[in-house]
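The values are calculated or read from the model by the stated rules, or taken from the named source; none is laboratory data. No experiment lies behind these values; they were computed from the predicted model shown. Using ideal geometry, Cβ is built from the backbone for each residue, glycine included, and neighbour counts are taken over all protein chains shown.
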Amino acid sequence: MCLEKFEEVRRGVGVLTARDVVERARATAARQAPRCAVLTCSDSRVAPELLTLSNLGEMFVVRVAGNVVDDLVLYSLKFAVENLGVRKIYVIGHKRCGAVAAALEGRAPPPIAQQIKEAAARAGSASPEAVEIENVKITCEKLKGLGAEVVGYYYDLDAVELQRIC
C-alpha cells in the first residue's frame with residue numbers, strides 16, 4: 001500500500017498528469033485521508049511521492065535529515081495514526097545519506113548525531129551503507145508502539161531499488 005507503484009515507475013510505466021493533480025487537489029481540499037505515512041530523509045533525491053507517482057492526499061510524509069526520530073517526528077506520525085486513520089508507516093533510508101556522513105564525521109547536529117552514532121555502534125562497521133541500513137532498523141523500532149504497522153526500506157540511489165529492511 002502506497003509503495004506499490006514504485007516498480008512501475010522504475011520501469012518507466014505510469015502517468016500522473018497535471019490534470020490529475022488539480023482534480024485531486026480539489027477533491028482533498030476539505031479533508032485528508034492518507035493511505036499511509038512515510039518517514040524519510042530530507043534529501044532532495046528521495047521524494048516518495050514522485051518515486052511512486054502518488055497523488056495529493058495519498059501519503060502523510062514526514063521528512064527529516066537522516067530519517068531519525070525525535071519527539072516532533074514521533075508525534076507527527078502519532079497524529080497521522082490517531083487522527084487520520086493511518087495503519088501503515090513506511091521508513092525509507094537511503095544510500096549516500098549526507099546526514100549519516102556528517103554524523104560519522106562529527107559534523108551533524110546532536111539530535112541527528114545521537115541516533116546515527118547508535119546505528120554505527122550497532123552496525124559494528126564504519127561502512128556508511130551498513131550504518132544507513134542499521135539506522136532504518138532503529139527508526140522502525142522507535143515507531144513500533146504507535147499502533148500502525150511499520151515497514152522499513154533502504155533506497156539505493158544508483159540502482160533505483162528499494163530493499164526491505166524490517
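May I ask you to list the residues in the stretch 83-111 that are under 18 Å from PRO128 (Cα atoms), part of a loop (DSSP other than H, G, I, E, B) and in contact with a strand residue (DSSP E or B) (Cβ under 8 Å, 6 or more places away or on another chain)? Within the stretch 83-111, just LYS95 meets the criteria. Selection within the stretch 1-23: residues that are under 22 Å from the mean Cα position of the chain (by Cα) and not in a loop (DSSP other than H, G, I, E, B). The member of this set that is surrounded by the most Cβ atoms within 10 Å (Cβ to Cβ) is PHE6. In the set VAL15, VAL61, which member is more than 26 Å from LEU146 (Cα to Cα), touching a residue at least 12 places away in the same chain (Cβ under 8 Å) and β-branched (Val, Ile, Thr)? Of the residues listed, the single one that is more than 26 Å from LEU146 (Cα to Cα), touching a residue at least 12 places away in the same chain (Cβ under 8 Å) and β-branched (Val, Ile, Thr) is VAL15.
Within the stretch 116-137, the set of residues being closer than 12 Å to VAL69 by Cα and surrounded by fewer than 23 Cβ atoms within 10 Å (Cβ to Cβ) comprises just one member, LYS137.
Can you confirm whether ARG10 is farther than 22 Å from ILE138 by Cα, basic (Lys, Arg), touching a residue at least 60 places away in the same chain (Cβ under 8 Å) and out of contact with any Lys or Arg (no Cβ under 6 Å at 6 or more places or on another chain)? So ARG10 passes the test. In the stretch 28-75, of all residues being more than 12 Å from the chain's Cα centre (by Cα) and among the hydrophobic types (A, V, I, L, M, F, W, C), the one that is farthest from TYR155 (Cα to Cα) corresponds to ALA30.
Within the stretch 24-64, the set of residues being modelled with pLDDT of 95 or more, surrounded by fewer than 20 Cβ atoms within 10 Å (Cβ to Cβ) and of a type in the set (Gly, Ala, Ser) comprises SER42, SER44. Screening ALA80 against (1) out of contact with any strand residue (DSSP E or B) (no Cβ under 6 Å at 6 or more places or on another chain); (2) touching a residue at least 24 places away in the same chain (Cβ under 8 Å) leaves a single unmet condition, (1).
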